[in-house]
1. For a test of understanding, tell me how many lysine pairs in the stretch 6-109 have Cα atoms under 23 Å apart, given they are 8 or more places apart or on different chains.
2. Using 0.36 nm times the number of residues separating residue 83 and residue 11, minus their current alpha carbon distance, what extension gain do you get?
3. So if R0 is 22 Å, what FRET efficiency would residue 21 and residue 113 give, r being the distance between their Cβ atoms, rounded to the nearest 0.05?
4. Pairs of alpha-carbon atoms within less than 8 angstrom and 6+ residues apart define the contacts here; what relative contact order does the chain have, in percent?
5. Determine, for 93, 2, 49, the number of other Cβ atoms within 10 Å of each Cβ, and report the residues in order from fewest to most.
6. Could you give me the ³J(HN,Hα) list for the stretch 74-85, computed from phi with Karplus coefficients 6.51, -1.76, 1.60 and θ = phi - 60°, whole Hz, x at Gly and Pro?
7. Can you work out ³J(HN,Hα) from phi for every residue in the stretch 5-15, in order, using Karplus 6.51 cos²θ - 1.76 cosθ + 1.60 and θ = phi - 60°, giving whole Hz and x for Gly and Pro?
8. Arranged by the count of other C-beta atoms within 10 angstrom, fewest first, what order do 50, 86 take?
Amino acid sequence: MTKITLEQFEKMMEFDVVKNHCCVEVEFYVDDSLEYNSCCLGKTIDRRTKEAVYWYGLVPDGSQAYDYDSLCDFVSAPIFNGKSIKEIWSLITIYSIDGCVPDDRLKVYWGLEKSSLLEPTS
């Protein structure tokens, strides 16, 4: 489990998923929250528009799923009981990124390492 700064998170979410034909998926929880204990968020390519879209899936039944067209709207949306992820960032703990150990994937998204997962296949 990993803690990163909001600035580090925003840098990761600025990764160009359209250019790289990929998606970012983060599994996280809000510390000491019974409601937000198995959440997901990410960035992917909208099939309809072919543009990047940011998304949340906060509870297993899908009743708290949200999509946003911009990073600003995504981090500012008051979806955690009236607060944004920006406001509660100190309470966010990351389980995994793309199903991998967070530290390994962060290096890729921050441009510190290359990944064969982002290479085109023949």
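1. The number of close lysine pairs in the stretch 6-109 is 13.
2. Numbers: separation 72, 0.36 × 72 = 25.92 nm, distance 2.13 nm.
Difference between extended and current length: 23.8 nm.
3. Values: r = 18 Å, r/R0 = 0.84.
My answer for the efficiency is 0.75.
4. On the way: 192 pairs, mean separation 34.6, N = 122.
Computed value for the chain: 28 percent relative contact order.
5. Working: 93 13, 2 16, 49 9.
With the sparsest Cβ surroundings first, the list reads 49, 93, 2.
6. 4, 7, 9, 5, x, 9, 9, 6, x, 10, 8, 5
7. The phi angles translate into 6, 4, 5, 5, 4, 4, 4, 4, 6, 7, 4 Hz.
8. Details: 50 8, 86 15.
Ranked by crowding around the Cβ, least crowded first: 50, 86.
Read-outs: derived from the displayed coordinates by stated rules, not from any lab. Predicted model, so just to flag it, every value in this text is computed and none were measured. Reconstructed Cβ throughout: ideal geometry from the backbone, glycine too, with neighbour counts over all protein chains shown.
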